[in-house]
Every structure is written in C-alpha cells, then in structure tokens.
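Only the coordinates and a few stated rules stand behind these numbers; no lab work does. Keep in mind that this is a model prediction, so the values were computed, not measured. Note: ideal-geometry Cβ built from the backbone for every residue, glycine included; neighbour counts use all protein chains shown.
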Amino acid sequence: MFVEKVHDPVRVIWSDLDYLWVMDSERHFGLGLEPVLTTSELAEYLGVQAQAIYDLRAGGRGPSGIRVGREIRYRVSDVVRWLDGLHEPEPSSAHGDRR
C-alpha cells in the first residue's frame with residue numbers, strides 16, 4: 001500500500017519571514033492575497049509564547065492583526081513593519097567612542 005505524503009501549509013515551520021512571501025504564491029498572489037500568520041506561528045517564529053503576542057497587542061505594542069471570526073491573523077507585511085519599528089538604533093559614537 002502506497003501512502004502519499006500531503007504538504008500541510010498550516011504546519012510549516014518558518015525559518016525566515018522572507019520564506020512566507022513564496023508560500024502558495026501562485027494561488028494567493030493570483031488572488032491578490034499575501035500570506036498571513038496565526039498567533040501561534042508568529043510566536044514560534046519570534047521564539048516567544050503565544051500569550052506574549054496577546055499581551056503585546058492588549059498593551060497596544062503588538063503587530064496589527066486581522067480578526068477572522070474568533071481568530072487573529074497577521075499579514076507578513078504588517079509583521080515586518082512592526083519588527084522594523086522595534087529595531088533599536090546603533091549606539092551613538094559620541095557617548096561610547098573615547099580614545
């Protein structure tokens with residue numbers, strides 16, 4: 001008996017956000033849609049608990065999301081924009097560079 005392995009896009013482990021841009025690209029981009037993440041997928045990518053994402057959003061410091069029924073989905077572009085906003089500036093050489 002031959003069992004065919006079926007690709008389950010929901011259980012893909014994201015190694016890099018850029019990878020999400022190609023997820024089922026023919027089907028999604030053909031419809032004008034971009035990939036979205038669940039809260040669990042976003043938390044796994046960031047290496048935090050899902051509750052941390054909920055807490056950040058409740059405090060107004062998390063990524064913007066889209067409510068789909070009782071669930072929240074995050075557009076990849078929104079996550080990238082949110083992460084870029086969290087980027088800490090380089091330390092100023094005026095304070096730390098003393099010769």
For the residues I53, I66, what sequence is obtained by ranking on other C-beta atoms within 10 Å, fewest first?
I66, I53
Total formal charge among the other residues, if their Cβ is under 12 angstrom from that of R67, Lys/Arg +1 and Asp/Glu -1:
+2
Ordered by fewest other Cβ atoms within 10 Å, a rough proxy for footprinting exposure, S92, S64 read S92, S64
Most exposed first by the Cβ proxy, i.e. fewest other Cβ within 10 Å, how do D84, D78 rank?
D84, D78
Estimated inter-spin distance, Q51 and E34, nm [label 7 Å along Cα→Cβ]
3.1
Any chance you could run the full-extension gain for A58 through S77? It's 0.36 nm times the residue separation minus the Cα-Cα distance, nm to one decimal.
4.8 nm
